[in-house]
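The values are calculated or read from the model by the stated rules, or taken from the named source; none is laboratory data. Because the structure is predicted, anything quoted here is derived from the model rather than measured. Using ideal geometry, Cβ is built from the backbone for each residue, glycine included, and neighbour counts are taken over all protein chains shown. In case anyone asks, the SASA skips ligands and DNA or RNA and just uses the protein heavy atoms, side chains included. Shrake-Rupley method; radii C 1.70, N 1.55, O 1.52, S 1.80 Å.
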Amino acid sequence: MNATTSVHVERLGKRFGDFVAVDAISFDIRAGEIWGFLGPNGSGKSTTIRMVCGVLEPSSGTADVLGFDVARDPEAVKLRIGYMSQGSTLWADLTVQEHLRFYAGLYGMQGSEREERIAAWMQRVGLGERRAQLAGSLPGGYRKRLALACTLLHSPQMIFLDEPTAGVDPVSRREFWDIIVGLADEGTTVMVTTHYLDEAEHCNQLAMIYNGKIVARGSPEELKHLPQIGTTVEVLSNDTVGVLDAIEHLPFVRGAGLYGSSLHISLSDAGEIESLNAAIAARGLSAGAAHSVLPSLEDVFSAVVQPQ
Ligand SMILES: Nc1ncnc2c1ncn2[C@@H]1O[C@H](COP(=O)(O)OP(=O)(O)OP(=O)(O)O)[C@@H](O)[C@H]1O
Ligand SMILES: [Mg+2]
């Protein structure tokens, strides 16, 4: 582990009884990067984050965070990181400001330093106008902003955000990501999970986890060029559902799904495009000719979490 590595995880595993939730995974997160962790429900994302943050004991393997071994020195890690847990809890009958004062107290902040930091973070996450509002009456997006501000109050070097934008509307999600990207630009390292693949495009590095194992990793661009994705083609039609029905069981179609107003179809190789066009024409469906496109992260995700 060197100064540019914030997290070094080696063969980290977690069993619950006989069930293997996280299966000996290894990864590194470089300082200042936004590292996205993607995977279907129950694939082991939260379990991994909880182990790396030192709140859940691993069954095997090691995690070093900011130069400290989490198992040996969990307190040193906790002082330097911020962790926004999935569905993190706020107290409905405390105001925005009261939440922040409570967290500031946990980190030993006092007096004018405390008030200045609270004011600065409220401002930064757009909660300044809502300081006296009870958390229970905040709209969903603002609740997430408050949870984020509580996570950031002690200016951690690294933050772990577990589904920070779940259930948040698209405009608030975008604003939330502006904050995350701004923090990373200032040097904060970010590990984040999300089910929104448009958000994953903001990450410098991604890892896709499935059944407790990392099945793909790389930058968003690298993932779109993975050989195992095959060839992705787009078909435009006024009857995308009809085309989908006609082609999805063809032996050479590895996967297909609606993508905006078009259809994305995954083939093993470009040589199958002609057969695909012929199959669509044979069903008498009106559609433009299939042409190769760069896969979306959604295409990549479907390809790697449902191995053919
Ligand atoms: N304390 C526990 N006891 C038993 N099984 C658990 C426990 N915590 C998690 N699991 C199981 O481990 C698996 C991984 O759970 P985890 O919460 O890490 O998934 P996830 O990828 O975060 O899913 P989601 O996207 O739904 O948040 C799931 O099958 C879950 O039921
Ligand atoms: Mg989770």
query = Considering only residues of region 55-91 that are touching a Phe, Trp or Tyr at 6+ places or on another chain (Cβ under 9 Å), away from ligand 1 (no atom under 15 Å from the Cβ) and small (Gly, Ala, Ser), which is nearest to Arg143 (Cα to Cα)?
reply = Gly82
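State whether one or more residues within region 178-192 are within 16 Å of ligand 1 (Cβ to nearest atom), open to solvent by 30 Å² or more (accessible area, probe 1.4 Å) and assigned to a loop (DSSP other than H, G, I, E, B).
Looking for residues that are within 16 Å of ligand 1 (Cβ to nearest atom), open to solvent by 30 Å² or more (accessible area, probe 1.4 Å) and assigned to a loop (DSSP other than H, G, I, E, B), one finds none in region 178-192, hence no.
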inquiry  = Condition first: of a type in the set (Asp, Glu) and at pLDDT 90 or above. Now tell me which residues in region 249-291 satisfy that.
reply    = Glu272, Glu274
inquiry  = Being surrounded by 20 or more Cβ atoms within 10 Å (Cβ to Cβ), at pLDDT 95 or above and of a type in the set (Gly, Ala, Ser) is the requirement here; does Ala132 meet it?
reply    = no
inquiry  = Of everything in region 193-224, what is farther than 20 Å from Lys14 by Cα, basic (Lys, Arg) and in a strand (DSSP E or B)? Give them in sequence order.
reply    = Arg217
ask   = Any chance region 194-203 includes a residue that's within 15 Å of Ser302 (Cβ to Cβ), under 13 Å from the mean Cα position of the chain (by Cα) and of a type in the set (Gly, Ala, Ser)?
value = yes
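Where in region 228-308 are the helices (runs of 4 or more DSSP H), entirely inside, with at least 1 residues that are closer than 22 Å to Glu201 by Cβ, touching a residue at least 60 places away in the same chain (Cβ under 8 Å) and open to solvent by 60 Å² or more (accessible area, probe 1.4 Å)?
Values: elements: 240-247, 273-282, 297-305.
Counting at least 1 such residues, we get 297-305.
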task = List the strands (runs of 3 or more DSSP E) that sit entirely inside region 11-114 and contain at least 1 residues that are surrounded by fewer than 17 Cβ atoms within 10 Å (Cβ to Cβ) and touching a Gly at 6+ places or on another chain (Cβ under 8 Å).
result = 19-30, 60-65
inquiry  = Being open to solvent by 70 Å² or more (accessible area, probe 1.4 Å) and polar (S, T, N, Q) is the filter here; which residues of region 194-227 pass it?
reply    = Asn204, Asn211
ask   = List pairs: first in region 188-204 and assigned by TED's automatic domain parsing to the domain that holds Met158, second part of a loop (DSSP other than H, G, I, E, B) and away from ligand 2 (no atom under 13 Å from the Cβ), Cβ under 6 Å, 6+ apart or cross-chain?
value = Thr189/Ala31; Thr189/Gly32; Asn204/Glu33
inquiry  = So, in region 160-171, exactly how many residues are surrounded by fewer than 21 Cβ atoms within 10 Å (Cβ to Cβ), among the hydrophobic types (A, V, I, L, M, F, W, C) and either under 21 Å from Thr5 (Cα atoms) or within 16 Å of ligand 2 (Cβ to nearest atom) (or both)?
reply    = 1
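Here's the yes/no breakdown for (1) touching a residue at least 12 places away in the same chain (Cβ under 8 Å); (2) touching a Phe, Trp or Tyr at 6+ places or on another chain (Cβ under 8 Å); (3) assigned by TED's automatic domain parsing to the domain that holds Asn41; (4) open to solvent by less than 20 Å² (accessible area, probe 1.4 Å):
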position: Trp121; (1), (2), (3), (4): yes, no, yes, no
position: Arg124; (1), (2), (3), (4): yes, no, yes, no
position: Leu127; (1), (2), (3), (4): yes, yes, yes, yes
position: Leu138; (1), (2), (3), (4): yes, no, yes, yes
position: Tyr142; (1), (2), (3), (4): yes, no, yes, no
position: Leu148; (1), (2), (3), (4): yes, yes, yes, yes
position: Leu153; (1), (2), (3), (4): yes, yes, yes, yes
position: Met158; (1), (2), (3), (4): yes, no, yes, yes
position: Arg173; (1), (2), (3), (4): yes, yes, yes, no
